[in-house]
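Remarks on the structure that follows.
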Amino acid sequence: MKIGILGGGISGLSTAIALKQDGFDVDIYERHSRPSEIGAGIVCWPNASFVLDQLGVLSRVAKVSGSLNYMHRFSSNGEPLGSLDISQLNQLMAYPSYSIIRKDLMSILTQRAVELSINIHYQHDVTSLSNNDDDKVRVQFSNGKNIEPDIIVGTDGRMNSFARKYVNGNNEPVYQGFINWIGVFECKNEIFTELSVLDYLGVGERFGIVPVSKTKAYWAGGVVSPNIGEPTPELYKSELRSLFTSWPDPICKIINETPLSRINKIYVHDHNPIKIWHKNNLVLLGDAAHSALPTSGQGACQALEDAWHFVNCLKENINDISKVFKHFTELRMAKTSKITMGGRQVASSIFNQDQEFCKHRNLASKNMDHKSTVIGIAKLWTNGLPISV
Ligand SMILES: Cc1cc2nc3c(=O)[nH]c(=O)nc-3n(C[C@H](O)[C@H](O)[C@H](O)COP(=O)(O)OP(=O)(O)OC[C@H]3O[C@@H](n4cnc5c(N)ncnc54)[C@H](O)[C@@H]3O)c2cc1C
C-alpha cells in the first residue's frame, strides 16, 4: 500500500513518521524547496508531548525548548490578573509542556523523517486533484509530475488547501478580525528569571511572550483590524511601537531588539468546522481538516494528535480504507471542533474593544479559580489519549 502525503509541515511530517514507524510505505510532497521556517514558536502542551514521545523525538525537543512553569496574566498597565500553574497541568496530564521555536521543531521532525528513510519530495506543488475511473485520486504537481497512491493524506495547511477544497467543495478560511505580529527575540544577558508565559491584555490589543530559555522568547502582538492589508515589513516596528510603547517591560525592549527579519505580520484566519474529512481515497489531517486560532494554543498539538490517531485507525482496519477514514473522523471531530470554537471564544474576549467588558474580563481573570480552570483544560486536552487526568 502506497501512501502519499501532500504538504510537509508539522502535520505531514508527524503523520509520515507515525506511519513509517509502523511499517507503511510513505512519501511526502512539499511545494517548497526545504522545510518551512515560517512562524515564531509553539507550545507543545502535554498532549503534543505524548505524541512527540511516540514519534521518538521528545528528548530532542526537550533539549532545545523551555520547560514552562506558569502562565501569568497582566493588564496593559502591568496589574497582575492571576496565573495558571502549568506544572499542575503537566502533572494532571503526565507529560511536560515545552515551548519551542517552530523552526527547531520542524528541523527535529525533518531529521527524524530522514532517519527513517522517508522520501520528502520538495518542489512538488499540488496544482490539481482529480478522480480517475475507479474513484482513485490523481495528484498533479506544477513540475509536470503526477501520482496515484493508494491513500492520499491532505496536510496542505489552512490558507489554500487543495485537499480541503477537493473534499469540501471550498477551502475558504475565515478572517477573524485581528492581526498578529509574531517574532523571535534573543539577547546576550538573561532577562527571563523564570520560564513562564507572560500575557498582557488591553482593550482590543494583546501582547504575549513565551520564553524558550532565559535569553530567548517568541512573542505575538495583536490588535483588532477589520480589514486585511498588504504586507509592509518596513512599517512593522513603527506599527508595534505605536501600539505598545506605554505597555510594561519587557515589551518595548523585545520589540526594539527583535531584528525586522524575524518579525511577521499575520491576518489571523481559522476555518469553520466541517463534518466530512474524506472523499474517495483522500483524507484530511492537521490544519486542512480543522484549523483553530492561535488563541486556542492547540493548532499544532491537534495536528500531532491526528498523526497518532490516524495510524491507529489504519492498523485496525487495514483492508477497509473507507472504514478507516470514517472512524478517524468520528474520533477527531468533536474535540477539534470544540477547540476551534474555544479559540474563537477566547479571541472575542481578548480582542474585545468595549472598555466596560474588558474591565469585567480583567476582574473575572483576577478572581478566577485557576486550579479548576487547569483541571478543565486538562480534561479537554487529554480526551482520546491514553494519558491520565
Ligand atoms: C500566528 C500563529 C500562531 C500559532 N501558534 C500556535 C501555538 O502556539 N501552538 C500550536 O499548537 N499551534 C499554533 N499555531 C497553529 C499551528 O501553526 C498550525 O496549526 C500547524 O502548523 C498545523 O500544521 P499543518 O502541517 O497542518 O499546516 P502547516 O504547518 O501550514 O503546513 C502545511 C504544509 O503544506 C505545504 N503546502 C501548502 N500548499 C501546498 C501545495 N499546493 N502543494 C504542496 N505542499 C503544500 C506548505 O508549504 C506547508 O509546508 C499558530 C498559528 C498561527 C497562524
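Across the stretch 226-256, which residue is modelled with the lowest pLDDT among those that are charged (D, E, K, R) and open to solvent by 40 Å² or more (accessible area, probe 1.4 Å)?
Of everything passing the filter in the stretch 226-256, GLU230 is modelled with the lowest pLDDT.
Would you confirm whether any residue within the stretch 296-305 is among the hydroxyl-bearing types (Ser, Thr, Tyr), touching a residue at least 40 places away in the same chain (Cβ under 8 Å) and surrounded by fewer than 19 Cβ atoms within 10 Å (Cβ to Cβ)?
no
Among (1) more than 10 Å from the ligand (Cβ to nearest atom); (2) under 17 Å from the mean Cα position of the chain (by Cα); (3) in a helix (DSSP H, G or I), there is one condition ASN272 misses while meeting the rest; what is its number?
It fails just one condition, (3).
Against the definition (without any contact (Cβ under 8 Å) to a residue 24 or more places away in the chain, farther than 22 Å from ILE10 by Cα, touching an Asp or Glu at 6+ places or on another chain (Cβ under 8 Å) and surrounded by 17 or more Cβ atoms within 10 Å (Cβ to Cβ)), how does GLY222 come out, yes or no?
no
Which numbered condition trips up LYS326, out of (1) open to solvent by 70 Å² or more (accessible area, probe 1.4 Å); (2) touching a residue at least 60 places away in the same chain (Cβ under 8 Å)?
(2)
Please work out which residue is nearest to PRO173 (Cα to Cα), limiting yourself to the stretch 279-331 and to residues that are away from the ligand (no atom under 16 Å from the Cβ) and outside any helix (DSSP H, G or I).
LYS279
Wholly within the stretch 1-118, which helices (runs of 4 or more DSSP H) include no fewer than the required count, namely at least 1 residues that are hydroxyl-bearing (Ser, Thr, Tyr) and more than 10 Å from the ligand (Cβ to nearest atom)?
46-54, 58-64, 86-93, 102-115
I'm trying to understand the selection: among the residues of the stretch 37-49, which are touching a Ser or Thr at 6+ places or on another chain (Cβ under 9 Å), crowded, with 24+ Cβ neighbours inside 10 Å and either hydrophobic (A, V, I, L, M, F, W, C) or under 16 Å from SER11 (Cβ atoms) (or both)?
Passing the criteria: ILE42, CYS44, TRP45, ASN47, ALA48.
Residues of the stretch 356-382 being surrounded by 14 or more Cβ atoms within 10 Å (Cβ to Cβ) and assigned to a loop (DSSP other than H, G, I, E, B), which ones?
MET368 - this is the single residue of the stretch 356-382 that is surrounded by 14 or more Cβ atoms within 10 Å (Cβ to Cβ) and assigned to a loop (DSSP other than H, G, I, E, B).
What are the pairs with Cβ atoms under 6 angstrom where one residue, in the stretch 148-177, is of a type in the set (D, E, K, R) and the other, located anywhere, is modelled with pLDDT under 95? Sequence gap at least six, or different chains.
The qualifying pairs are GLU148/LYS136; ASP150/MET1; ARG164/ASN171; LYS165/ASN171.
Tell me which of these ALA217 doesn't satisfy, since it passes every other one: (1) small (Gly, Ala, Ser); (2) surrounded by 20 or more Cβ atoms within 10 Å (Cβ to Cβ); (3) over 24 Å from GLN88 (Cα atoms).
(3)
Looking only at the stretch 185-200, filter to residues that are in a loop (DSSP other than H, G, I, E, B) and hydroxyl-bearing (Ser, Thr, Tyr); which one of those is nearest to the chain's Cα centre (by Cα)?
Ranking the candidates gives SER196 first.
Being more than 9 Å from the ligand (Cβ to nearest atom), modelled with pLDDT of 95 or more and either farther than 21 Å from LYS103 by Cα or part of a strand (DSSP E or B) (or both) narrows it down to one residue among VAL210, VAL223; which is it?
Every option except VAL223 fails the conditions.
Considering only residues that are under 22 Å from VAL324 (Cα atoms) and among the small types (Gly, Ala, Ser), look in the stretch 128-154 and name the one that is modelled with the lowest pLDDT.
It comes out as SER130.
Assuming SER142 fulfils every condition listed in (1) within 22 Å of ILE266 (Cβ to Cβ); (2) open to solvent by 30 Å² or more (accessible area, probe 1.4 Å); (3) out of contact with any Phe, Trp or Tyr (no Cβ under 9 Å at 6 or more places or on another chain); (4) near the ligand (Cβ under 10 Å from one of its atoms) apart from one, which condition is it?
In the conditions (1) within 22 Å of ILE266 (Cβ to Cβ); (2) open to solvent by 30 Å² or more (accessible area, probe 1.4 Å); (3) out of contact with any Phe, Trp or Tyr (no Cβ under 9 Å at 6 or more places or on another chain); (4) near the ligand (Cβ under 10 Å from one of its atoms), SER142 misses (1) alone.
Would you tally the residues in the stretch 316-350 being more than 30 Å from LYS279 (Cα to Cα) and within 20 Å of the chain's Cα centre (by Cα)?
Total meeting the criteria: 5.
The values are calculated or read from the model by the stated rules, or taken from the named source; none is laboratory data. A quick note: this is a predicted structure, and the numbers were derived from the prediction, not measured. Quick reminder, even Gly has a Cβ in these numbers, built from the backbone with ideal geometry, and neighbours come from all protein chains shown. These accessible areas exclude ligands, DNA and RNA; they are computed on the full protein's heavy atoms, side chains included. Shrake-Rupley method; radii C 1.70, N 1.55, O 1.52, S 1.80 Å.
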